[in-house]
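Participant: Dropping the structure in here first, questions after.
Derivation of every value follows stated rules applied to the coordinates shown; laboratory data play no part. Owing to the predicted nature of the structure, the values given are computational and were not obtained by experimental measurement. With ideal geometry, Cβ positions are generated from the backbone for all residues, glycine too; neighbour counts draw on all protein chains shown.
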Ligand SMILES: C[S@@+](CC[C@H](N)C(=O)[O-])C[C@H]1O[C@@H](n2cnc3c(N)ncnc32)[C@H](O)[C@@H]1O
């Protein structure tokens, strides 16, 4: 399947903010519920140790993704670890909810563009389920910005560009309908737009299928790295880590 840039509804500036938040809240819920990042803990732990800032700067955080569960695992080796949530469209309610769950989380109130991260945000940069949102030149810019500021960077995707992922996304509305009552913080709007006017299941499915169709393959990730000026000053790793129930694609770069 050839990669197509396409578009996702949640990326559009006209897309209602409250619906975008319901979509990313759902991603946060399933990522933590199924602990999908458990097997990438050693990869991230090594980066945190090497970097020495004891901080993860998460870009394109949405509703916080699976970082809550991951943070608990990472804290076993890095008890003072801090995690800063950021986004181009910050979901402050969700950020505050995650911060209340765990005091090692903080967040940026202002919009943070993954392609041009402000210099005061120092630490290991992470991105979960968002590399595919960026067209090639923007994805290269994300890596370039990390290289220019000598910041380690780790990008993870839990879907792939294949028939299995597309089929899984087509069935995702069932999960939305089953899991919505358990998503916190509770919101009457979420219930209305899931069960009465079912826009949340519809857009989770549409954006999910579109996400799968535009996910970079490992050779394409390697191609992005080769386009970064000064890439030879970083060590790069790309691959796929089994982490039941999914496989996690990763692209990791660290200063040599
Ligand atoms: C699919 S969500 C991923 C959310 C979260 N990381 C997770 O795992 O659930 C993609 C996120 O990318 C954000 N985003 C889009 N363009 C961005 C940019 N240029 N810089 C930072 N974030 C961006 C969107 O606002 C959205 O929250």
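Participant: Below 8 Å between Cα atoms, with a sequence gap of 6+, how large is the relative contact order for segment 31-115 in percent? Display every interim value, and only then the final one.
Facilitator: Numbers: 124 pairs, mean separation 25.8, N = 85.
Contact order relative to length: 30 percent.
Participant: How far apart, in nm, are two points set 7 Å out from the Cα along the Cα-to-Cβ line at residue 53 and at residue 111?
Facilitator: Each label point is offset 7 Å from its Cα along the Cβ direction, giving 2.3 nm.
Participant: Something else now. Taking only Cα atoms and a 10 Å spring cutoff, compute GNM fluctuations for the chain and point out the largest among 28, 144, 101.
Facilitator: Highest fluctuation among the options: 101.
Participant: Right, next: Using Cα pairs closer than 8 Å and at least 6 residues apart in sequence, work out the relative contact order for segment 32-173, in percent.
Facilitator: Working: 206 pairs, mean separation 33.9, N = 142.
It rounds to 24 percent for segment 32-173.
Participant: Treating the angle as unsigned and between 0 and 90°, give the value, to the nearest 10°, between the Cα long axis of helix 92-101 and the longest Cα principal axis of the chain.
Facilitator: 80
Participant: Please identify, among 61, 119, 172, the residue showing maximal mean-square fluctuation in a Gaussian network model of the chain using a 10 angstrom Cα cutoff.
Facilitator: Most flexible of the set in this elastic network: 119.
Participant: Of all the Cα-Cα pairs you can form in segment 102-171, what percent are over 14 Å apart?
Facilitator: Values: 1610 of 2415 pairs.
When all Cα pairs of segment 102-171 are counted, 67 percent exceed 14 Å.
Participant: I've got another one for you. Normalized C-alpha radius of gyration of the chain, against 2.2 N^0.38 Å? Provide the component values of the computation, followed by the final result.
Facilitator: Numbers: Rg = 17.2 Å, N = 256, 2.2 N^0.38 = 18.1 Å.
The value comes to 0.95.
Participant: Turning to a different aspect of this structure: Treating the angle as unsigned and between 0 and 90°, give the value, to the nearest 10°, between the Cα long axis of helix 67-77 and the longest Cα principal axis of the chain.
Facilitator: 40
Participant: For the chain, take the longest principal axis of its alpha carbons; what is the angle in degrees between that and the long axis of helix 199-213, to the nearest 10 within 0 to 90?
Facilitator: Here the helix axis deviates by roughly 40 degrees.
Participant: Would you order 10, 76 from fewest to most other beta-carbon atoms within 10 Å of each residue's own beta-carbon?
Facilitator: On the way: 10 24, 76 10.
Fewest to most other Cβ atoms nearby, the residues stand as 76, 10.
Participant: Next up: Give me Rg/Rg_expected for segment 45-96, where Rg uses Cα atoms only and Rg_expected = 2.2 N^0.38 Å with N residues. Each step should come with its number before you reach the end.
Facilitator: Values: Rg = 11.4 Å, N = 52, 2.2 N^0.38 = 9.9 Å.
That works out to 1.16 for segment 45-96.
Participant: Would you work out the relative contact order for the chain, in percent, from Cα pairs under 8 angstrom that are 6 or more residues apart? Walk me through the intermediate numbers first.
Facilitator: Details: 445 pairs, mean separation 57.9, N = 256.
Relative contact order comes out at 23 percent.
Participant: Here is a further query. Computed on alpha carbon atoms, what radius of gyration and Dmax characterise segment 1-92, expressed in Å?
Facilitator: 15.2, 43
Participant: GNM on the chain, C-alpha springs below 10 Å: top fluctuator among 199, 188, 23?
Facilitator: In the Gaussian network model the winner is 188.
Participant: For segment 87-213, what is the convex hull (Cα atoms) projected area averaged across all directions, in square nanometres? Mind showing how you got there, number by number?
Facilitator: On the way: hull surface 36.1 nm².
The number I arrive at for segment 87-213 is 9.0 nm².
Participant: Now, a different point. In Å and whole numbers, how far do the C-alpha atoms of segment 156-256 stretch along each principal axis, longest first?
Facilitator: 53, 30, 25
Participant: Also, I was wondering about something else. Taking the beta-carbon count within 10 Å as an exposure proxy, list 233, 132, 78 from fewest neighbours to most. Present the calculation step by step, with values, prior to reporting the outcome.
Facilitator: On the way: 233 12, 132 23, 78 18.
So the residues, fewest neighbours to most, are 233, 78, 132.
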